[in-house]
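The values are calculated or read from the model by the stated rules, or taken from the named source; none is laboratory data. Keep in mind that this is a model prediction, so the values were computed, not measured. Here Cβ is always computed from backbone atoms with ideal geometry, including for glycine, and neighbour counts include all displayed protein chains. Remember, those area values only see protein heavy atoms, side chains included, never the ligands or the DNA or RNA. Shrake-Rupley method; radii C 1.70, N 1.55, O 1.52, S 1.80 Å.
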Amino acid sequence: MLTTVNHHHRVFLLHRSPHFILSPKSLHTFSPKCLSSSSQTLTQPPQNHPIITLPTSQILSIRHSLLNRQLTAVEIAESYLARLRHAEPKLRSFLHVADEESVLREAKEVDRKIANNEEVGLLAGVLVGVKDNICTSDMPSTAGSKILEGYRPPFDATAVKKVRELGGIVVGKTNLDEFGMGSTTEGSAFQVTANPWDESCVPGGSSGGSAAAVSARQCVVSLGSDTGGSVRQPASFCGVVGLKPTYGRVSRYGLVAYASSLDVIGCFGTSVADAGILLHAISGHDSFDSTSSMREVPEFTSKFTSLNILESRPLQGLRVGIIRETLGDGVDENVVSSIRAAASHLEDLGCSVTEVSLPSFSLGLPAYYVLASSESSSNLSRYDGVRYGNQVTADELTFLYGESRARGFGPEVKRRILMGTYALSAGYYDAYYKRAQQVRTLVQKSFKAALDENDILISPAAPSAAYKIGEKKNDPLAMYAGDIMTVNVNLAGLPALVLPCGFAEGGSAGLPVGLQMIGAAFDEEKLLKIGHVFEQTLEGHSFVPPIVAGFAS
């Protein structure tokens, strides 16, 4: 249990600003030096160097204030820990919170390096939440399942290792639907996470804990995983930025496997810049993951232009296709109006927006559930109570297998294992699995054709805003249908960015609606550029949930 800490007056200013976590006086200028690894005190730029305001980014704001000795990493950590403690009883975002002593010890090490003018990484002093299906050597990694309760991996996932190498501080493991199978985080074997905008609503899933933690400012950024929308849909529900990279951009080593041809590790932040910086930190080839790409990782931070130097139509000439099939029957009218308003905003920024049709779009959902369930049937066969997970005492081996799995897996996981085993069984393989793979090829081709004619495609991230806890728990088909906007992107292996663009009715302050931007393979750079400009120029909305404002007051 975290103990009470004292807080510096300046750090409390982070609760009051929707854009910046730190005192405004520390943010009045931005120089490219901020992005270097040097921890030398920043000086004022020369007279011929333009002084520009800092792009909206908590990570860059933290770095700027640390290198200018305006705040310490310990002060920042204490402030986040205070808010985490305040919100956690209501939200239940975390399955495990790091020991406060170890968090502050890592923060002190950052302060020591800065005091000695040593180099520090770009994530120095940044508190990061990690979804509990991503391995961490110093904390449990349960994947939200009783069968892995108490399991501690002997290694860090590659993504976690890279975060730590750049100075990031892992503050805890976030809640999820068991093994990532779900869209509400109600499928966790341990607890149900609430939405920071309305505690009676779900945060989305399966990365609901990671999205809720960033939305409630319990951590700066977080890692999630996305197999069929598990980063993007909760980002929409919680009013934060969610980034699903191209398949192969980020190593999957250390990610608990659900559907290996669809799984990717993704990023959450309160701004496009933060999500992009985190993606850059964890991207790159990994010899431990044969599916990770050898492609060079672009410098995403170069795309984060400050608002005060943007041209009047900064996206002039870009072609945007709005997917017609995502705005029809079954989509909430508040969602449709928000997406159309976002399309108009893109036009104001210089984009040409046209409707495009993807005839195979509706086929993606059934194909996804056949393929994902089939792969989960194979991947989860390793949890037999012998090599991994909790074991039931038994005299006979078959009984040990059966009872360990029966008691260890929840109902949704059992449902998908059974569906997948059926689809792969003799006599049904051609009718289900093979046909689903053929549909996958059609989906890939239709996306390629649309993206040959457009720079990006846009759609809602979900057919509705967040709904009530328990509303769809006993209707799995209704829950599956909610993934219609996102699963096709995983089937095609493409990158997608979700950022808040409006509100629907609900809660005391409304419920956020997310805009999904889909790009060509390995073109995250363009997505981040367009998303950053869109976010910087969107007016009339503040995506700070009531629970944050309540803590500030």
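Observations on the structure shown:
- Between ARG105 and GLN191, the distance separating the two model label sites (each 7 Å from Cα on the Cα→Cβ line) works out to 2.4 nm.
- Loop sites in segment 376-426: trypsin sites (Lys or Arg not before Pro), DSSP, at most 16 other Cβ within 10 Å: ARG387
- Extension gain, GLU539-SER312: 0.36 nm per intervening residue step, less the Cα-Cα distance, totals 80.2 nm.
- Against the compact-protein benchmark of 2.2 N^0.38 Å, the Cα-based radius of gyration of segment 424-553 scales to 1.33.
- Debye equation applied to the C-alpha atoms of segment 221-268, log10 I(q)/I(0) at 0.18, 0.22, 0.33 Å⁻¹: -0.48, -0.70, -1.31
- Theoretical FRET efficiency, 1/(1+(r/R0)^6), r = Cβ-Cβ of LYS434 and ARG382, R0 25 Å, to 0.05: 0.50
- Loop chymotrypsin sites (Phe, Trp or Tyr not before Pro), segment 417-513, which have at most 16 other Cβ atoms in a 10 Å radius of their Cβ (DSSP): TYR428, TYR429
- Between VAL170 and VAL128, the built amide H atoms are under 5 Å apart, and every one of these is 5 or more places off in sequence or on another chain.
- Remark: relative contact order (the chain) = 16 percent; criterion is Cα-Cα distance under 8 angstrom and separation of 6 or more residues.
- For a label point 7 Å along the Cα-to-beta-carbon line of PHE288, residues of segment 144-174 with backbone N under 15 Å: 152-166
- Cα-based equivalent ellipsoid, segment 289-348: semi-axes from gyration tensor eigenvalues, Å: 29, 23, 11
- The string of couplings for segment 184-194 from the Karplus curve (6.51, -1.76, 1.60, θ = phi - 60°) is 9, 6, 6, x, 5, 6, 10, 6, 10, 8, 9 Hz, one whole number per residue in order, with x for Gly and Pro.
- 14 Å Cα-Cα reach of LYS108 towards aspartates and glutamates, excluding residues that sit fewer than 8 places from it in its own chain: GLU75, GLU78, GLU100, GLU118
- Normalised by 2.2 N^0.38 Å, where N counts its residues, the alpha-carbon radius of gyration of segment 360-457 equals 1.45.
- Per-residue packing, averaged as other Cβ atoms within 10 Å, sorts the ranges 270-276, 96-102 into the order 270-276, 96-102, beginning with the highest.
- ³J(HN,Hα), Karplus 6.51/-1.76/1.60, whole Hz, each residue of segment 238-255, x for Gly, Pro: 9, x, 10, 8, x, 10, 9, x, 4, 4, x, 5, 10, 4, 8, 4, x, 8
- The length gained by stretching the chain between ASP452 and ALA394 to full extension, at 0.36 nm per residue less their Cα-Cα distance, is 15.0 nm.
- Residues ASP138 and ARG112, FRET efficiency given R0 of 25 Å [Cβ-Cβ distance, rounded to 0.05]: 0.80
- Considering every alpha-carbon pair of segment 80-176, the percent of pairs per 10 Å bin, from zero through the bin containing the longest distance, is 16, 44, 31, 8, 1.
- Annotation: Cα Rg of the chain relative to the compact-globule expectation 2.2 N^0.38 Å equals 0.92.
- Rg over Rh for segment 185-265 works out to 0.97, using Cα positions for both radii and the Kirkwood form for Rh.
- Across the alpha-carbon set of segment 136-219, the Rg to Rh ratio works out to 0.99, Rh being the Kirkwood radius.
- Ordered from largest to smallest accessible area (heavy atoms of protein chains, 1.4 Å probe), the residues ASP111, ASP132 come out as ASP111, ASP132.
- Applying a DSSP loop filter and a limit of 14 other Cβ atoms within 10 Å to the chymotrypsin sites (Phe, Trp or Tyr not before Pro) in segment 246-302 leaves PHE288.
- For segment 87-137, the Rg and Dmax computed from alpha carbons only, in angstrom: 13.8, 41
- Listed residue pairs exceeding 26 Å between alpha carbons, taken from LYS468/LYS529; LYS434/LYS526; LYS472/LYS529; LYS90/LYS146; LYS472/LYS526; LYS303/LYS468: LYS468/LYS529; LYS434/LYS526; LYS472/LYS529; LYS472/LYS526; LYS303/LYS468
- For segment 313-420, convex hull volume per residue from C-alpha positions, Å³: 163 Å³
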